[in-house]
Amino acid sequence: MVALTELQAILDRIGAEMVAAPDRGLVADYIPELAHVSDRHFAMAVATADGQCLTTGDAETAFSIQSVSKVFTLAIALGRLGDQLFTRVGREPSGLAFNSVVQLESENGIPRNPFINAGALVVTDAILHGHKPREVLGEILRFLREAAGEDDIHINKAVAAPEAAHGHRNLALAHFMAAHGNLRNPPDLTCGTYFHQCAIEMTTRQLAMAGRFLMGAPGAARLVSPARVRRINALMMTCGHYDGSGEFAYRVGLPGKSGVGGGILAIAPGRASIAVWSPGLNVQGNSQLGTLAIERLVRAMGWSVFG
Ligand code: GLU
């Protein structure tokens, strides 16, 4: 067990390296609310198995978690439907961009996995069934607040609104799945709920805290069972970074989920829940410095699941 002072020193060293890094990737610009975020931000937070949370950088600044939210909706959907969910969405890496349409056509409207957009839309559609969007969004927020252990987690409506205006691809995916009988709600209702879930804002520290149930933290089985946690981690490892998932597993060696807001949640099972935020993205749409920072942390701590 590494001393907390040593871990804090490692975090601060990596934080300083990331602040100075010249090549920061490109901030998502498909909506103005994300495009306006400075690429200078960097934050990392580590919640450890013994209940500490150490941070470096802008760890108290809220950012748009975007697709990191897909981990939490998957946990809720599996809790509600169990493995039946996997009749509607697969468990294989896609090898394609997050919003790709082509695979869906050849695979009859069944998305490859719950983390590409089509799959996440199916997951949201599943938990929306029989409920109002407001109720489902309330449930997602309650889950996050309980997982993080604090209430100050909200949806930024100013981010959700332009998502709808620019969401042609997501709507196309939803309509396509509806045509194949793989959507239970009207496409605009499912997409609207999905856009709001993506617009949840959290600080890097809150995100690390919210991920504790995935490292098997004591008491976390109350939220999600250990058997399910193992499976969510497996999906994060194989599918959590879109067509950059293999590269993330190779470089970092941990299950992780990225979002276009520049956040990444990575899990060192039994050891730590790690959140990082740096808005500049690499070509696959994953945080460029975020990936590098987690890679350095995991190397320094010996936390790769591969030893
Ligand atoms: N709201 C984004 C979309 O669905 C999320 C994508 C992401 O974070 O990767 O287009």
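Applying the selection to segment 110-139, what residues are within 17 Å of Gly259 (Cα to Cα) and either of a type in the set (Lys, Arg) or in a helix (DSSP H, G or I) (or both)? Break it down into steps so the answer makes sense when it comes.
First pass over segment 110-139, keeping only residues within 17 Å of Gly259 (Cα to Cα): 113-121, 123-124.
Within segment 110-139, Asn117, Ala118, Gly119, Ala120, Leu121, Val123, Thr124 qualify.
Under the condition of being more than 15 Å from the ligand (Cβ to nearest atom) and surrounded by fewer than 24 Cβ atoms within 10 Å (Cβ to Cβ), which residue from segment 252-280 is nearest to Pro218 (Cα to Cα)? Walk me through how you get there before you give the answer.
Quick first cut of segment 252-280, residues more than 15 Å from the ligand (Cβ to nearest atom) only: 252-255, 266-274.
Checking the rest, the ones that are also surrounded by fewer than 24 Cβ atoms within 10 Å (Cβ to Cβ) come to 253, 269-271.
Numbers: Gly253: 23, Pro269: 12, Gly270: 9, Arg271: 11 Å.
Filtering first and then ranking leaves Gly270.
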Only one of (1) under 17 Å from Pro114 (Cβ atoms); (2) part of a strand (DSSP E or B) does not apply to Val229, and that is (2)
The number of residues in segment 281-299 that are open to solvent by less than 10 Å² (accessible area, probe 1.4 Å) and away from the ligand (no atom under 16 Å from the Cβ) is 5
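Mind checking which residues of segment 193-212 are part of a helix (DSSP H, G or I) and either of a type outside the set (S, T, N, Q) or open to solvent by 10 Å² or more (accessible area, probe 1.4 Å) (or both)? Reasoning before the result, please.
Going through segment 193-212, the residues part of a helix (DSSP H, G or I) turn out to be 193-198, 204-212.
Tyr194, Phe195, His196, Cys198, Arg205, Leu207, Ala208, Met209, Ala210, Gly211, Arg212 - these are the residues of segment 193-212 that are part of a helix (DSSP H, G or I) and either of a type outside the set (S, T, N, Q) or open to solvent by 10 Å² or more (accessible area, probe 1.4 Å) (or both).
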Those residues of segment 70-97 which are of a type in the set (Gly, Ala, Ser) and within 16 Å of the ligand (Cβ to nearest atom), in sequence order: Ser94, Gly95, Ala97
Against the conditions (1) polar (S, T, N, Q); (2) under 20 Å from Gly259 (Cβ atoms); (3) more than 13 Å from the ligand (Cβ to nearest atom), where does Thr193 fall short? Just the number, please. (3)
Can you tell which of Ala43, Ala21 is surrounded by fewer than 17 Cβ atoms within 10 Å (Cβ to Cβ), more than 16 Å from the ligand (Cβ to nearest atom) and not charged (D, E, K, R)? Ala21
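Just wondering, is there one or more residues in segment 240-251 that are within 13 Å of the ligand (Cβ to nearest atom), within 29 Å of Glu295 (Cα to Cα), open to solvent by 50 Å² or more (accessible area, probe 1.4 Å) and assigned to a helix (DSSP H, G or I)?
Within segment 240-251, the subset within 13 Å of the ligand (Cβ to nearest atom) is 240-245.
Add one more test, that the residue is within 29 Å of Glu295 (Cα to Cα), and what stays is 240-245.
When the remaining residues are screened for being open to solvent by 50 Å² or more (accessible area, probe 1.4 Å), the result is 243.
Next, only the ones that are assigned to a helix (DSSP H, G or I) stay: 243.
Yes, that holds for at least one residue.
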List, please: which pairs have Cβ atoms under 8 Å, are six or more places apart or on different chains, and start with a residue in segment 18-31 that is of a type in the set (Asp, Glu) and end with one that is exposed (fewer than 13 other Cβ atoms within 10 Å of the Cβ)? Asp29/Ala35
May I ask you to list pairs of residues, at least six apart or on different chains, whose Cβ atoms are under 6 Å apart, with the first in segment 98-124 being within 13 Å of Tyr194 (Cβ to Cβ) and within 13 Å of the ligand (Cβ to nearest atom) and the second being in a helix (DSSP H, G or I) and of a type in the set (Phe, Trp, Tyr)? Phe98/Tyr242; Leu121/Tyr194; Thr124/Tyr194
Can you name every residue in segment 154-163 that is without any contact (Cβ under 8 Å) to a residue 60 or more places away in the chain and near the ligand (Cβ under 10 Å from one of its atoms)? Ala160
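Residues that are within 14 Å of the ligand (Cβ to nearest atom) and crowded, with 19+ Cβ neighbours inside 10 Å: does segment 218-226 have at least one?
First pass over segment 218-226, keeping only residues within 14 Å of the ligand (Cβ to nearest atom): none.
Within segment 218-226 (the criterion being within 14 Å of the ligand (Cβ to nearest atom) and crowded, with 19+ Cβ neighbours inside 10 Å), the answer is no, since none of the residues qualifies.
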Condition (residue is within 12 Å of the ligand (Cβ to nearest atom), modelled with pLDDT of 95 or more and aromatic (Phe, Trp, Tyr)) applied to segment 46-69: is it met by at least one residue? yes
Mind counting the residues in segment 167-177 that are open to solvent by 10 Å² or more (accessible area, probe 1.4 Å) and either in contact (Cβ under 8 Å) with a residue 24 or more places away in the chain or touching a strand residue (DSSP E or B) at 6+ places or on another chain (Cβ under 7 Å) (or both)? 4
Can you say whether Phe143 is open to solvent by less than 50 Å² (accessible area, probe 1.4 Å), aromatic (Phe, Trp, Tyr), under 20 Å from Leu265 (Cα atoms) and within 16 Å of the ligand (Cβ to nearest atom), as far as the supplied structure shows? no
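The values are calculated or read from the model by the stated rules, or taken from the named source; none is laboratory data. Source: prediction; values computed, not measured. We place every Cβ from the backbone using ideal geometry, glycine too, and count neighbours over all the protein chains shown. Side chains included, ligands, DNA and RNA excluded: accessible areas come from the protein's heavy atoms. Shrake-Rupley method; radii C 1.70, N 1.55, O 1.52, S 1.80 Å.
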